[in-house]
Each structure stands twice: as C-alpha cells, then as structure tokens.
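The structure appears right after this line, and notes come after that.
The values are calculated or read from the model by the stated rules, or taken from the named source; none is laboratory data. What you see is a predicted model, and the numbers here were worked out from it, not measured in a lab. Using ideal geometry, Cβ is built from the backbone for each residue, glycine included, and neighbour counts are taken over all protein chains shown.
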Amino acid sequence: MINITLYHYLIVSSVLFCLGIFGVITRKNAIMVLMGIELILNAANINFVAFARYGNFGNSGQLAALFVIILAAAEAAIAMAIVLNIYKTFTNINIDEIDTLKD
Amino acid sequence: MTVYDITFYLFALITLGSAFFVVTIRNIVYSAFFLLFTLFGITGLYVLLSADFIAIVQLVVYVGGILVLLLFGVMLTHKITNVQIKSGTLQIIPSAIAVIVLAFALIKIFLSTNWKTFQLTAQNSSVQGLGVLLVNQYSVVFELLGILLLIALIGAASMARR
Amino acid sequence: MQNFPILSLLTFLPIVGMIFILSLTKRQEKTIKWITLIVTGVQLLIAIVILFFYNFSMAGINDPSSFQFVEKFRWIEITGLAWVGTIKIDYFLGIDGLSVVLVLLTTIVTFIATFASWNISKSIKGYFALFLLLDTAMLGVFVSLDFFLFYVFWELMLLPMYFLIGVWGGPRREYAAIKFFLYTLLGSVFILLVMIGLYFSATETLANGSKVFSFNILTLMDTANYTTTGILSPFNPNNLRFIAYIALFIGFAIKIPMFPFHTWLPDAHVEAPTAISVILAGVLLKMGTYGILRISYPIFPDITIQLLWYIGLFGMINIIYGALAAMAQKDFKKLIAYSSVSHMGYVLLGMASLTTASLSGAVLQMFNHGTITAMLFIIVGIIYDRAHTRDMDAFGGIANQMPIYTGFVAVAFFAAIGLPGLSGFISEALVFVGAFSSELIRTITIISTLGILLGAGYMLWAFQRIYFGELNSKWKELKDLELREYFMVVPLTLIIILLGVYPSLILQFMTTSVNALVKFMGDAQIIISSIN
Amino acid sequence: MTESVLIKLALLILFLPLIGFIVTLLFGKRIKWLYWFENSILILAFLLSAVLAYFKLTHFTDQTLISEFEWINLGSIPFVKSIIIDLGIMLDNITVLMILTVNIVSLLVHIFSVGYMKGDKRYNRYFSYLGIFTFSMLGIVLTHNLLMMYVFWELVGLSSYLLIGFWYEKKTASDAAKKAFIVNRIGDIGMFLGILTLFLTYNTFSFDKIFYQISTGNLPFGTEFGLTVAGVLLFCGAIGKSAQFPLHVWLPDAMEGPTPVSALIHAATMVAAGVYFMIRVFPILSGDALLVIATIGALSAFIPATIAVTQNDIKKVLAYSTISQLGYMIMAIGVGAYTFAFFHLVTHAFFKAGLFLGSGSVIHSMHHEQDMTKMGGLRKKMPLTYITFLVASLALSGIPFTSGFLSKDGILAGTFAFGSLTGYWYFAAVGFIVAFLTAFYMFRAIIMTFHGKPKNKEKFEHAKESSFVMAMPLVVLSALSLFFWYSLNPFNPNEGKLLSSWIKTPEISVPQSARYEFMKTDDKIINKENLEEVTYSNSYTEAIHHAHYPTLFTSASLALLGILFAFIFYQWKVFDPNKFAEKLKPIYLLSFNKWYFDEIYYASFVAGTIGLSKIISMFDNKFIDGIVNGSALFTKNFSAFTGKFDNVVVDGLVNMMAYISGMFGLFFRRFQTGKVQTYILFVVFSLIILLYIFR
C-alpha cells in the first residue's frame, strides 16, 4: 500500500517554492537569483505532474510541465545574455548595486 | 512504508535539502552544484509520478543545458583569478520569516483543500501520449514555443555578442 | 424647374467653394479670391434664374403647396425613443414672397462684399473660407422652412462671423467679436427654448397615420396641429405662449437690433472689416425681422396682435433713438451703424401695423436698407482705406479731392435720408402709409415721422463735415475711385435708383405673399380667440 | 393737336431738363462746351412749353387733361380694398401757364449764368444742377396726385440743397444748404402727414378723385375738423417750401448760393411751389384752414417787410421781400382770392427774377460785393441794369402800369372784400402796410445802390455794364414786368385773357357748412360774364366790386408814399436815417437782427436736438452699454471669484490632499528601494496578509 498521496508532493513543491522565493529575495548575485527562479519553476512543475498523475487528466499536465521546461530554457538563455551585458557595463552583477533607474 | 514511500522521501529530502543549500550557501559554484542535486531529486520525483518523458527532459535540459549555462555564466562573470566567487545576501531575517510563514500558509491551504483524487493505476510510458497531444491538440502551442525558443536563442546570442 | 433642387444648389455652392479653397495652398491668393468671386457670382445668377421662374401668384406663408422650389425629405429620423416616440426632422427648403426678396438681397450683397474683401491681406485662405461659410448660413436661414434647420443655419452663421470680426477686425476686435457673439448667442438660447417648446406642442400626421412632433414651421402655424396639453398650445388653458412669444421676439430683436439690445451693433460694425460690415448690415440684420415675420407672426398670431402696439413703440424708439445717437457720433462708421438702428426701426414700425402697405414697406425696407447701408459701409471703407481714419472732424473738402466718389456718396446719403426717386423713400413711405392707417399705432407713426427730419439732420451734417468746406491739406494725396471700387458702388447705385423709380420690380414678388400673411394673421387670430 | 399729343408734349417738357442734367453731370467734366447742351435743352423746353400753352389755352380751354399709369399695385388685399398707386400728369390752364413761367425764368437764369458763372471750376456741374432743379419744379407743376407732388417736392429740396451749397468750400454756403433742406423737411413732415390722412380716407393720391370724394361728403375721420386738419397739414409743406412764418429762416441764408440760383429759387420755382401747391389743393381747404393760412400769410408778409427795411445786403433785402410777397400770395389764398394769388405768383416770378438777376449783375460787376453801403452811383456805370432794376422795383412796389400793380391790387381788393364780409379787417390792414413798406425798402435799395456817390471808389472804377448774355435776361424780365402782357387795361386786371377766361376759381369741394359764409354757393345769381366769381356767393362779387377802386387808389398812393419816404431819407437826406434808427433803437435792432428768429431757433431747437443727441449717445454708451458691459463685468468678476474660490478652497483641498500624499510618499519612499527583491518581499508579505484575510 502506497502511503504517498498528492499531499506529499504538494508539500514538497510548496517548500521548494518557498525556498526558491527565499533565494530570489535574499541573493545579490544575479545568477543566484536565476537559480532561485529555476527552483520556483520546478516547484510548479512538480505540481503539474503531480496533479496530472493523481487527477486523471491524461497527459496534458505533463505537457504543461514540458512547456515550462522549454520556457525555462529560453528564459535562462535570455537571462544569461542580460547578465553578461550587465557585467560588461557595470563589471559586476550584483543587482543591489545596479540601480541606475532608481533616481 | 513501501519502497515507493521510501524512495519518495529520499528524493524529497535530496530535493529540499540541496535546494536549501542552493539558496543559503554563499559560494556560487557550490550553490550551482547543489542545484544539480536538487534537479536530480526532482527528476526522481517525476519518475515516481510515472512521468518518464518529463524526467528525461528534466535531466537533459536542466542538468545538461541550463545548469551548464549557469555555470558558464558564473565563470564568465567572475574572473577566475579572482577567487572571491561569492554572493552577498540581504534582508535575510524578514525574508526568512516571510518565507516560512508563506510556506506554512501554503501547506495549510493545500492540506485543507479536499482534492478530488483517483486511485493510482499502473501506467505505461507517456511518451506516445505526449507525442500525440503535441501534434494534435497542442500543435499550435508547440509551434509557438518552437518559434519562441528560436527567437530567444537568436536574441540571446545577439545580446551576448555586443 | 420646380423640381430641380435649385435652393440646395444655391445654399451649398459656397460650401463647395470653401472646400476648394481649403484644398489650395496659402500662397494661391489670386485663385482663392477668384474662386470666391465666381462662387458668389454664380449664386447671383442662380438667384436671378429663380426670379425668372418665380410664380407671382403663389402665396406661400402657411400653405405648403404654394411654396416654390420646394425640397423636402427626411433628414433625421430616430424612432422608438422613450416618451418622445419618434424624432423627425425634415430637410425642408422653399421660398415665397418674403424670402425670395431676401435671397436676392443676400446674393447681391455677398457678391459685392467679395469685391470689398479684395484688399484683405491677412491669411486670405481662412478669410475667404469663412466668408463662404457665412454665405451658406445666411442663405440657409432664408430658405429653410423647418425650424430646426432654420436654427442650425442661424447658429452656423455665428461662427464665421465671430472669427471674421475677431481676426480681421480693427483694434478692439476681440471685444467687439465677443460682444457680438455673446449677444447673439443669448438670443439664440431664447429661440432654442421656444423652438423646443413648440416642438413638443404640435404634431404632424405622417403618411402611415401616426402622429409625431414636428419642427415644420408650416405645421406649427396651423392651430389644428397643436396637442391639447402642449405648453405652447392654444388649447392648453395654462399655456405659456405669451412668455414664449416674448422670448422668441427678444431672440430675433437682438439681431435686428432693437432698442435696448442694439449696443453690439456699433461696436461690431466699427471693428469689422468693410466687407463684413457690409454683410452684417446688409443681410444679417434682416434675419431678425425675417425671423419675426416668418416665425413669430404666423405661429403666434394671437399674441402678436396683443403686442402690436409695443412693437410699434419699439420701432419708434429705434427710429428716433438711433437717429439721435447717430447725430452725436464722431466716428463715420459708428454714425452709419446707428443709422442702421434707426432704419431698422422703420421695418419694425411697418410690421406693427399688419396692413399690406406697411408690411410690403417693411419687407421692401429690408431690401432697400440692405443695399443702401451696404453702400454706405463701402463708402466708409473707401475713405478709410485711403485716409486711415474715420474721424469726421478730421476730414473736410473731400468733395473737391474725390468728386466722383462724393457723387456716389451723395446718392447713398440721400437714399438713406429717404429722398424720393431713390429706393429708401418708397419703403419708408409705404411703411408710413400702412402704419398711419392702423388706428392703434397712429400716434406712434406721427411721432416716428420725426425720424425723417432727424435722418436728414445727421446725414447732411455728416456730409457737410466730411465732404464740404476747404480741403484739409492732409488729404491732398487721396485718389478718386479705382476700378474695383466702381464694381462695388455702381451696381448698388443702379439698384437704388431703379427701385426708387420703379419699386414694383421688387414689390411684385411679395405682394401675394404679404396679402396672404395679412389674411392669415386675421383669420388665425379669430380661430385662436374662439378657442379661449 | 390732340389731347394725347399735348400730354406727350408735356412729358417731353418734363423730361428734357432731366436729360440735360444727366448728360451734363456725367460728361461735364470732360466736355467743356456741354453747358450749351443744357442751355439749348432749356431753349427747346421753352419753345415747347410755349406751344403747349398756346394749344392748351386756345383749343382746350376748359378741359383738364389727365394721363396716368399704374405704378404700384399691392394686389388683392384682404379686409380692405386694393391699394393701387397711380402716377400721372394733369394739364389744365394753371399748369401750362406755370410751366411756361418756370421755363421762361429758368431759361433766362440759364442764359444769365453763362455770363455770371464764367470761370467757375464746376461750371458744367452748375448747369446740370439747374437742369434737375427745373425738372423737379416742372414735376411739381405737372403732377396730378399728392404722392408725386411730394416726390418732386423733395427733389426740389435736393436741388436747392445742391445749388445753395454750390460753393461748398464756404462754410456759410454749406450751412445754408443744410439749413434749407432741414427746415423744408420740417414742413414736409406736416405735408406728409396730411397726405397720409387723405390717403387713409380716400385710398388714392389723385387730386381729382380726392376732390370728388370730398364733394360727396366723405371727410377725413368723418368730421369737418378732420378736413381742416388735413388742409393745415398740407399747408405745412407750403410753409416750409414757400418760406412762410415760422419756417422762413432758411430763405435769407439761401442767398449764399450763386445769385442766379437765388433768382431761380426765389422767383419762379422753389418758393413758388408752396403757393402752387396751395392753389392745387384749394378746393379742399375748409374755412378754418383758410383762416389759418391767411393768418400765416399775413404774418409772413409783415414780419419780413419790417426786416427788409434795415438790411444792408442787397440780396438780403430781396430775400425778405420775397418772403413778404409770398406771404401776400398765401394770404390771398387764405382770403379766397384764388385767381389773384396765382396771378401774383406769375408776375412776381418775373419781376423778382428780374430783381435778383439785376442784383446779380451789380454784384458781378462789383466783384462779389453785396453790401449796399459800399455801393452807390452805379446808375452811371450800369444804365441798363439800373433801368431794368427800376422797372422791376416799380412792379414790386405796385406802381400803376406794372404787372405788380395789377396783381397786388387784386389781392388787396380780395382782403378788403374779405374784411367787409367777415369782419377780419386786419388782413387788409397788413396788406396796405406791407405795400407801403415794400415801396420804401425797394427804393431804399435802389437809392443806396444806384444813386448818390460811390462809397467804394476802387470797386466803382472797375464796375462796368454787364455783357450781352447777362443783360438780355434783364431786359426780357423787366419787359415782362409791364402791364400789357396780362391786361390791356392797366387798372383792371380782369380785362385780360389771363383772368377773364384762363384762370378760374375751381369748384370748392368742401361741404357748405365748413366754408366761409361768402364761399357758400347760392345759385340765385351767377354772373355769367365774369366767370371768376362763379363759385362764390353773390355777396362776394359785390364786395370785391366795391373794393376794387378804393384799394386801387389806396395801394397806389401808399406805394408812392413809400417811394417818397425813401427819397426823403436816402436821396435828399432830409432826415438822417441813422439818427432815426438811434431814436427807435429797440425796433431798429429787432428789425436789423431779423427778429432774432435764428438765434431763438438755434438756442431752442438746434441746440436742444444736438444736446438731446449728446445725452442719448451718453445714455447709450454709459447706461445701456454700461448694463451690457456691467453684466459682462459682473460675470467676469463672478468668474474671477469662482476662479479664486477654485484656486484657494477647492484647489487648496486638492493641494492638501497632494501634500498629504506627498508626506505619505516621503514615508513610503523608504520602501521604494528600486530593488526587485524588496518588492517581491513585500509581495510575499501582502500575499500572506491576503491569505490571512481570505482564509
């Protein structure tokens, strides 16, 4: 008898989500922020797949997860390009120091 | 406590534990490596959820693609000779409180919701099903995503080149 | 010919010209002027064509079938509105003996005003575009038989006039333009109120048998069309016809302008450029009296007859007051402006007696005043162009320097005085003949004859001050008339003399209509008084 | 010669001067000789009018020819009858004689002007004005209706305006022209109202139709008083045009015009128009109206005669004598001496034209000197002028063997008879006094001008007899001042064709009850031989018969007495006139200052009107415009207040809100770090709060 239910997955994903948010909020380094975002996305993906599995939705949930992964890839690529540009301009990628728009 | 259960807990622990280190360790390279573990753990969870294709994609794309990309980013933006590849943190305490409270709130919501679930049945590989869906029901989304990816790549390339 | 939409052609031809002008560039000044001239010239020709095909025996006034060149179709129709039901507004044009004269006057005056505009130098394109718009509005007022349409044209006239005075005027042009605009707008508000009141008081039966409210002036004239509850219906014992009549009358009186609403006139005239003064005095003032004859009188015959004495009284005040005020003026143009006030008094006096002779005289006086005053303003313009002053005391002896010009001035002045043989006399005489025969206003008429004397007084005094005496050496350089100015004064002089000798030329167009109006007023009054 | 030919001839005569006017006016500036065109037109008109008069008087003696056409038709008028205004002309004996008179005088004035106006810069213009003047006057003479009468009446006013103000560079001239026109207008208003009254009642302007209606008993406003009012109102026109008291003030001033113009205006045309008009409407004048007319006439005869006695300007003397003589005519109409009024009109036209032209000749040779005190002795230099002037003066004074004697005697006889019949003797008294005064002042003028020693040597030396064109009219006119043209018996005018068969008192239309007693028709005895008296009662015939010789004798002797006095005072200097004047200073001053009419009128009417106009203008500017501008100002101030309110209170609130927001902003600004991460933290907090709220 399998005791693992949907709730377990949901708890895992929500904890992962919160950790991702924590990373996004606390880190100075842009790449670290990106990593936090990846965590958030993955948390969401877990939910997708878990709901698909337990909710009898067929494969659509997995497909959504697949799309998220694709988007994450695109996002990562763009983000890295931006980070590189920022680095070229400011010689660092600490986002708390990059506040030219502030004033 | 079945094997399945144990496996789940194991993967969950790997995932959450390394994720915790990802967001707390100051050294970027280290956190990147911990991210690898996190992703790996998530892959395991996918497998447990009978999402074989997603698991493979997760491995290939995340671990093989995104993570490598991030590492390249780390390398390119921090001069190797400069050993200080560390990332500073800010507003740790309020963030921690907020996140913990949020986590509890979320968990509470999830748990208090009465999800309508079905009994798990054994499943075959989902690859075929996904393939059919991709070219039938979601073909437009698929195409669009393809175009999006292409644009993103070209854009990233052109941006990075400057 | 009766089926050809000649009135629409006449009315909207200037709009076509305006569009043409607007599509030109600013620098094509010659072309712009010529287009205006051609448009107004063609209008004059059309008006003459209308006169040729005009049937003298058809009366008009209240009978739709005897209007001529009628064009009528549905313009606005909104069905199924709550409470109101159907809103229906007709595009209804037509002329009878009252309007045909004024249409002719408008085309003549506009044509001549185009010549007077020839030396405008400031943003020519805008000027002539507005000029043509004004032309359309004026003609529209005279040919429309639907109150709503009438009102639209009436208001449309304000806009170009405001700009023409306010932009191309003299030193105090803003003041004058705003005064003119606000004054006339005030009048328009009154007219609008009454118009709406009338609309909700009378119905018209459509072809399908349903009854709808109507703006049709002819419908509004017929007592039978009024509902029992309308606020302006004679059937309603608590009707507001009296107040409405006064409001409407004030609305029109401002345009005449009637004492005490006349003070916009001297300012507007003094500041307006010559051509605009010509149009203002020549045509616009007539819109007030025309409105009274076309709308106030036949729609409210009962009230009109109650108030005839007061109309006559105000006519008298206008005559005497205007003449006295003119006598005190030093500014040549202001003098002419006040003389306009005085002369429009004759029209009011003529309308007050409700006899054929005086009504004919009143309508003829509108025409004659239009031509005579137009000429007077052209005269002022000519001397102002040369001397750049209008102070009469600064002149003197101009007769020697500009003899031909002075000859034309003499014709215009004596026509304004009412010298027999010139057109002004006939209309004044007819007005007096008719007004004197009305016992009600006989005393008023007798006092009004003083106007003849005062008119001679201020006109001759002005004539003496400007043209007689030793020539001031300042004016040694003044040149006599040039070709363009001949084009303005010669036609007007010919009209003035011709109508002075043979007034039937114009009178024949209106006699049938005027008689019909007199008869209608008498009949309608009996009908309405039988209701109450 | 048929009737229609006569009518056409009359129309031709009427329009010839108009053609002359138009052509000369339009082309006069370019073509210098055009005044000869105007003159030849007048010669033609004169010849034609002579032909017309001949045929009318011989072939159609008792007929009245009327030709009319429809001018204005106001269609079929509801409630009342139709209004159709006809224009037309009427030819009767009076008309053709008047046309002849007008044309003769006008022609002679034209010819005289050729010499007199030589060298004027507006030479041709002057002749064109004479043309329109003649045209207007002929129109008055020919018309058969009141409206046309009024039309030409006004045109005469216009042409007099043009001619009096011909030398408009002079302020006095243009003033005089204006004054003439406006004073005339005052009378015209009355006339116009009279015409309106008649039109209102009879719905026509034609004389014959109105007369017929009145004779059938249809009166204005239904009363005899209405008829009297209409008659007096019509007479107002004549008061203005014929310069009767109290509107006579324009005439002396009108002397500012060129002297030939004075001759034309004050002899045969303009001032004659008033008398002519009264002659025309004589049949409708009721007894009361006639009394008013006679009174005005008497006053107008007397007052100017007293003024003329003291004037030094030769033209002024003639001007006042003109008013005085016109007063005679009007008085004659008032007392019913219809035929003599017309007779005097004709004779006066000739001798007064002669006098004016004679004075013109003098003035011309004296280089435009008009003051008689600077003349004297001109008899030797200008014998022809002297003789003609003398003849005309004798005629004016009413000395036997002149035309003036015949006509004036008739008028005096009329007043005498009137006095004997009605008891109003003072008309006769005035007549005789004025006859004496006339003779006195005329000979005073002659003596001062032509007799004695020259006062101004230099001018005297340059004076010389006028040229032929100027002398010829003088001769003709003085010839026409002699008796034989009118009656072969120098003591009885009634023996001439003129009074015995051509001019007859018309039938009176006025109801019997409204007439003078003696005008009532009693058909018992009608003296068929003397057709003149056919319309009046027998008593009148007797009275005038009795009056004839006494008045004849009295008037002649009074005139001679006047001449004697003039010689005593001025020629022989038995008494010094200046001393005499000193003694009677108040009367002298009153007379010398023309009874202060101008001053009184100026102080009352002119200043009053101008003052009123100033007040009205002020009222207009300050009060009415004040209300308008005031309301505008009020609106403006109100809107300014509203604006202030808006600024201070409403905007203040808004600003306060803004300030508060600003404070908040300052406070919350701290949270705006610009860092995405902080924001996300906030989002998380908010999310938590939301979750808490919607739990």
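Odds and ends about this structure:
- Of all the criteria given as (1) at pLDDT 90 or above; (2) more than 7 Å from chain B (Cβ to nearest Cβ), the one not satisfied by A:N42 is (2).
- The residue pairs whose first member lies in the range A:66-82 and is under 15 Å from A:I93 (Cα atoms) and facing chain B (nearest Cβ under 7 Å), whose second member is assigned to a helix (DSSP H, G or I) and among the hydroxyl-bearing types (S, T, Y), and whose beta carbons are closer than 9 Å, counting only pairs six or more residues apart or on different chains, are A:A81/B:S158.
Residues are listed down the side, and each one gets a yes or a no for (1) touching a strand residue (DSSP E or B) at 6+ places or on another chain (Cβ under 6 Å); (2) within 14 Å of chain A (Cβ to nearest Cβ); (3) over 30 Å from C:L185 (Cα atoms); (4) of a type in the set (A, V, I, L, M, F, W, C):
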| residue | (1), (2), (3), (4) |
| --- | --- |
| D:I624 | no, no, no, yes |
| D:F634 | no, no, no, yes |
| D:F638 | no, no, no, yes |
| D:F641 | no, no, no, yes |
| D:V650 | no, no, yes, yes |
| D:Y679 | no, yes, yes, no |
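- Residue check, A:A64 crowded, with 19+ Cβ neighbours inside 10 Å and at pLDDT 85 or above: yes
- So B:I25, is it at pLDDT below 85 and at the interface with another protein chain (Cβ under 7 Å from one of its Cβ atoms): no
- Applying a threshold of 7 Å to beta carbon distances and a minimum spacing of six or more residues, or different chains, the list of pairs starting in the range B:1-23 at a residue that is assigned by TED's automatic domain parsing to the domain that holds B:F34 and farther than 22 Å from B:F33 by Cα and ending at one that is of a type in the set (V, I, T) and buried (at least 17 other Cβ atoms within 10 Å of the Cβ) reads B:Y4/A:I4; B:D5/A:I4.
- Given (1) in contact with a strand residue (DSSP E or B) (Cβ under 6 Å, 6 or more places away or on another chain); (2) hydrophobic (A, V, I, L, M, F, W, C); (3) over 16 Å from D:G237 (Cα atoms); (4) within 10 Å of chain C (Cβ to nearest Cβ), index of the condition D:M148 fails: (3)
- Look at the range B:103-119: where a residue is within 9 Å of another protein chain (Cβ to nearest Cβ) and a partner is in a helix (DSSP H, G or I) and exposed (fewer than 13 other Cβ atoms within 10 Å of the Cβ), sitting 6+ places away or on another chain with Cβ atoms under 8 Å, you get B:A105/D:Y692.
- Pairs with Cβ under 9 Å, 6+ apart, first in the range D:99-116 and under 18 Å from D:A479 (Cβ atoms) and aromatic (F, W, Y), second at pLDDT below 90 and not in a helix (DSSP H, G or I): D:F112/D:S466
- Condition check for C:I417: surrounded by fewer than 24 Cβ atoms within 10 Å (Cβ to Cβ) and β-branched (V, I, T): no
Residue-by-condition table, conditions (1) facing chain C (nearest Cβ under 9 Å); (2) surrounded by fewer than 20 Cβ atoms within 10 Å (Cβ to Cβ); (3) closer than 19 Å to D:I85 by Cα:
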residue	(1), (2), (3)
D:R185	yes, no, no
D:T197	yes, no, yes
D:Y202	no, yes, yes
D:F207	no, no, yes
D:I210	no, no, yes
D:S215	no, yes, no
D:L219	no, no, no
D:G226	no, yes, no
D:L233	no, no, no
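- Subset of the range A:20-31 that is in contact (Cβ under 8 Å) with a residue 60 or more places away in the chain and either closer than 14 Å to B:L35 by Cα or in a helix (DSSP H, G or I) (or both) - its residue that is nearest to the other protein chains (Cβ to nearest Cβ): A:I31
- Entirely in the range D:372-446, the helices (runs of 4 or more DSSP H) that have 1 or more residues that are out of contact with any helix residue (DSSP H, G or I) (no Cβ under 7 Å at 6 or more places or on another chain) and among the aliphatic types (A, V, I, L, M): D:383-397
- Just one of (1) within 16 Å of the chain's Cα centre (by Cα); (2) over 30 Å from D:P283 (Cβ atoms); (3) among the hydroxyl-bearing types (S, T, Y) fails for D:Y150. It is (2).
- Members of the range C:420-429 found to be closer than 17 Å to C:M344 by Cα and either among the β-branched types (V, I, T) or at the interface with chain D (Cβ under 8 Å from one of its Cβ atoms) (or both), listed by number: C:F425, C:I426, C:A429
- Number of residues in the range B:38-70 that are touching a Lys or Arg at 6+ places or on another chain (Cβ under 8 Å), crowded, with 23+ Cβ neighbours inside 10 Å and more than 18 Å from B:L13 (Cα to Cα) equals 1.
- Scoring C:I254 on the criteria (1) buried (at least 24 other Cβ atoms within 10 Å of the Cβ); (2) within 30 Å of C:T373 (Cα to Cα); (3) touching a Ser or Thr at 6+ places or on another chain (Cβ under 9 Å) leaves a single failure, condition (1).
- Here C:L507 meets the list (1) part of a helix (DSSP H, G or I); (2) more than 8 Å from every other protein chain (Cβ to nearest Cβ) almost entirely, failing just condition (2).
- When we screen D:I85, D:I77 for residues that are within 14 Å of chain C (Cβ to nearest Cβ), of a type in the set (V, I, T) and surrounded by fewer than 23 Cβ atoms within 10 Å (Cβ to Cβ), the only hit is D:I77.
- Helices (runs of 4 or more DSSP H) within the range D:582-695 that include 2 or more residues in contact with a Phe, Trp or Tyr (Cβ under 9 Å, 6 or more places away or on another chain) and among the polar types (S, T, N, Q): D:607-618
- Of everything in the range A:2-19 that is outside any helix (DSSP H, G or I) and among the aliphatic types (A, V, I, L, M), the residue that is surrounded by the most Cβ atoms within 10 Å (Cβ to Cβ) is A:I4.
- Restricting the search to helices (runs of 4 or more DSSP H) fully inside the range D:262-360 and requiring at least 2 residues that are under 18 Å from D:A428 (Cα atoms) and among the β-branched types (V, I, T) gives D:287-308, D:314-334.
Residues checked against (1) touching a His at 6+ places or on another chain (Cβ under 8 Å); (2) within 14 Å of another protein chain (Cβ to nearest Cβ); (3) modelled with pLDDT under 90:
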position: C:T229; (1), (2), (3): no, no, yes
position: C:N236; (1), (2), (3): no, no, yes
position: C:N239; (1), (2), (3): no, no, yes
position: C:F261; (1), (2), (3): no, yes, yes
position: C:A268; (1), (2), (3): no, yes, yes
position: C:T289; (1), (2), (3): no, no, no
position: C:I292; (1), (2), (3): no, no, no
position: C:F300; (1), (2), (3): no, no, yes
position: C:T304; (1), (2), (3): no, no, yes
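- D:P400 satisfies every condition listed in (1) surrounded by fewer than 22 Cβ atoms within 10 Å (Cβ to Cβ); (2) without any contact (Cβ under 8 Å) to a residue 60 or more places away in the chain; (3) closer than 24 Å to D:G496 by Cβ except (2).
- Meets criteria (on the phi < 0 side of the Ramachandran plot, surrounded by 15 or more Cβ atoms within 10 Å (Cβ to Cβ) and not in a helix (DSSP H, G or I)) for D:M90: yes
- Test: residue in the range A:69-89 that is more than 22 Å from A:G36 (Cα to Cα), assigned to a helix (DSSP H, G or I) and of a type in the set (G, A, S): no
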